Amino acid sequence: MPITNEQLQDHKFLEEMYLDDYFPDHVVDQGRAILVRLCEQIEFANPADLDELYRLTHAATESFNELQAVFEDNESDIEAVAGECISAEFDQIAKAYGFDNADTEEMLAPREW
């Protein structure tokens, strides 16, 4: 199902990573898919509070944890630049869905990168 949030419909997720040759596009595509899926899940579940949002963002973060191995297999890594880019995307997604007070560190609490 396509993203219906007008702020995110045409958003270029992980654009900074696509512009950096260190990150293989086909792996960044998988990260983009995680973020799109997170948006779809937020739209479907319509979380009522931060705890419900954090459950969704934690699952997406765990998907990024698994994606770390794919980056490594492609001689790349979720390092400082990628971590900041992913964090900014989570923050933007939360704000776009009305969670202006969401804590980025809490959204990414289970991260291993």
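The values are calculated or read from the model by the stated rules, or taken from the named source; none is laboratory data. Since we're looking at a predicted model, the values are computed, not measured. When we count neighbours, we look across all protein chains shown, and the Cβ atoms used for this are built from the backbone with ideal geometry, even at glycine. Each accessible area value is taken on the protein alone, full model and side chains, heavy atoms only, with ligands, DNA and RNA left out. Shrake-Rupley method; radii C 1.70, N 1.55, O 1.52, S 1.80 Å.
A simple spin-label model places the labels of residue 59 and residue 29 2.4 nm from each other, with each point 7 Å out along Cα-to-Cβ. The smallest convex shape that holds all Cα atoms of the chain, its convex hull, gives 91 Å³ per residue.
Positive contributions from Lys and Arg (+1) and negative ones from Asp and Glu (-1), summed over other residues with Cβ under 12 Å from the Cβ of residue 61, come out at -4.
Shown in residue order for segment 61-74 are the 3J(HN,Hα) couplings computed by the Karplus curve 6.51 cos²θ - 1.76 cosθ + 1.60 at θ = phi - 60°: 4, 5, 5, 5, 4, 5, 5, 3, 5, 5, 4, 4, 4, 10 Hz (x for Gly and Pro). Here the Karplus relation 6.51 cos²θ - 1.76 cosθ + 1.60, evaluated at θ = phi - 60°, turns the backbone of segment 79-91 into coupling constants of 10, 4, 4, 5, x, 5, 5, 5, 4, 4, 5, 4, 4 Hz, with x for every Gly and Pro. Between residue 45 and residue 100, what is the FRET efficiency for a Förster distance of 30 Å, r being their Cβ-Cβ separation, to the nearest 0.05? The formula returns an efficiency of 0.95 here. Of the accessible area of the chain, computed with a 1.4 Å probe over protein heavy atoms only, carbon and sulfur atoms account for 45 percent. With θ taken as phi - 60° and the Karplus curve 6.51 cos²θ - 1.76 cosθ + 1.60 applied, the whole-hertz 3J(HN,Hα) list for segment 15-23 is 4, 4, 6, 5, 7, 9, 4, 5, 9 Hz, x standing for glycine and proline. In terms of packing, defined here as the mean over residues of other Cβ atoms within 10 angstrom, the peptides 79-87, 27-35 line up highest first as 27-35, 79-87.
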